[in-house]
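Data first, discussion second: the structure below is written as structure tokens.
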Amino acid sequence: MPHLSGCGLSENWLLKELGHRHWTMLAETAGSEGPDFRDEEGRPVYAAFCAVRLGDARLELGAENGRLVIRSALRRVSRTQIESRHELLIDGRAAGTLEMISTFIKRTGRGNHCVARVALDGLMPVDPAPSELAALAASLRSKRLSRHLGFDLAADTRGIAEFTFDPCPEQDFNGAGFLYFPSFPAFVDRAEWQIDRHRASLAGRETFYYGNVDPGEDIRVILVGEQPDAGARLWRIERTGSRSLLAEIFTRRAERPERREAPVSLR
């Protein structure tokens, strides 16, 4: 039951599970008994996600007593970045693909604003095949891209609607003290629920991460653009005080047939 939401397989649970799988697979390739990475000075090093893309999603197929199969692969795409790919099958039916790009970071000061990328030794060699998602994330972060998925990325950030949230340490942050990466799309879902109570099933989502906050800092979730015919919306998440950009999230929804009602175990 923890694997499910009221709309099928829980995206929030899925992100947490595959984030953990990404981390443990990485530790295994490094020959480590557990995902405890350190820099040369013994300080903790974490795998922070730069981009997560869910495609061809059919999460509404998930139901009680169903069978979820996840096929995962991991590769190193640069000196500091790791990519994992996870294919989802629910009761033998394709339910989506999740791609994740992480980079190693360490704290350089107090709080979650002071972090830096770091390279670690002892990992798998870099795969020479380029990563389209890593390249896309770099282009968005550096603002070299003017349009993506039909959206004008220079659009007025005041947007169509905006919502303010105060992330809770017990619900929204992880054990390392960072605002947890699944919390970002969860805030978008909460905001979207306020404006669209009849939204369709999730068909795809791309989340690009640029920053983090400390407990006690508010965030602003802004609907920047929408394409009703395509069921697509572009959201931005900002730190309320400085208005610095924390994430961009592209969400696409599609009408589906009513999901089956059956005695159904993702327990």
Since Lys106 meets every condition but one in (1) within 17 Å of the chain's Cα centre (by Cα); (2) modelled with pLDDT under 95; (3) among the basic types (Lys, Arg), which condition does it not meet? (1)
If we scan region 192-201, do we find a residue that is closer than 22 Å to Val221 by Cβ and among the aliphatic types (A, V, I, L, M)? yes
Among residues of region 2-56, those that are surrounded by fewer than 19 Cβ atoms within 10 Å (Cβ to Cβ), among the hydroxyl-bearing types (Ser, Thr, Tyr) and closer than 30 Å to Arg93 by Cα, counted: 3
Quickly run through region 157-216 and pick out the residues that are at pLDDT below 95 and hydroxyl-bearing (Ser, Thr, Tyr). Thr157, Ser201
By my count, strands (runs of 3 or more DSSP E) wholly in region 62-121 with at least 1 residues that are surrounded by 14 or more Cβ atoms within 10 Å (Cβ to Cβ) and in contact with a Phe, Trp or Tyr (Cβ under 6 Å, 6 or more places away or on another chain) are 93-107
So for region 23-45 (the condition being aromatic (Phe, Trp, Tyr), in a strand (DSSP E or B) and modelled with pLDDT of 95 or more), does at least one residue qualify? no
Tell me the strands (runs of 3 or more DSSP E) entirely within region 136-240 that contain at least 2 residues that are in contact with a Gly (Cβ under 9 Å, 6 or more places away or on another chain). 201-209, 219-227, 232-239
Is region 74-93 home to any residue that is among the hydrophobic types (A, V, I, L, M, F, W, C) and modelled with pLDDT under 95? no
Does region 241-260 hold any residues that are in a strand (DSSP E or B) and not acidic (Asp, Glu), and which are they? Leu245, Leu246, Ala247, Ile249, Phe250, Thr251, Arg252, Arg253, Ala254
Any chance region 123-130 includes a residue that's part of a loop (DSSP other than H, G, I, E, B), of a type in the set (A, V, I, L, M) and surrounded by 12 or more Cβ atoms within 10 Å (Cβ to Cβ)? yes
Quick check on region 124-152: of everything there that is of a type in the set (A, V, I, L, M) and in contact with a strand residue (DSSP E or B) (Cβ under 6 Å, 6 or more places away or on another chain), which residue is nearest to Glu28 (Cα to Cα)? Met124
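The values are calculated or read from the model by the stated rules, or taken from the named source; none is laboratory data. Computed from a prediction, not measured in an experiment: that's the story for all the values here. Cβ sites come from the backbone with ideal geometry, for glycine too, and all protein chains shown count toward neighbours.
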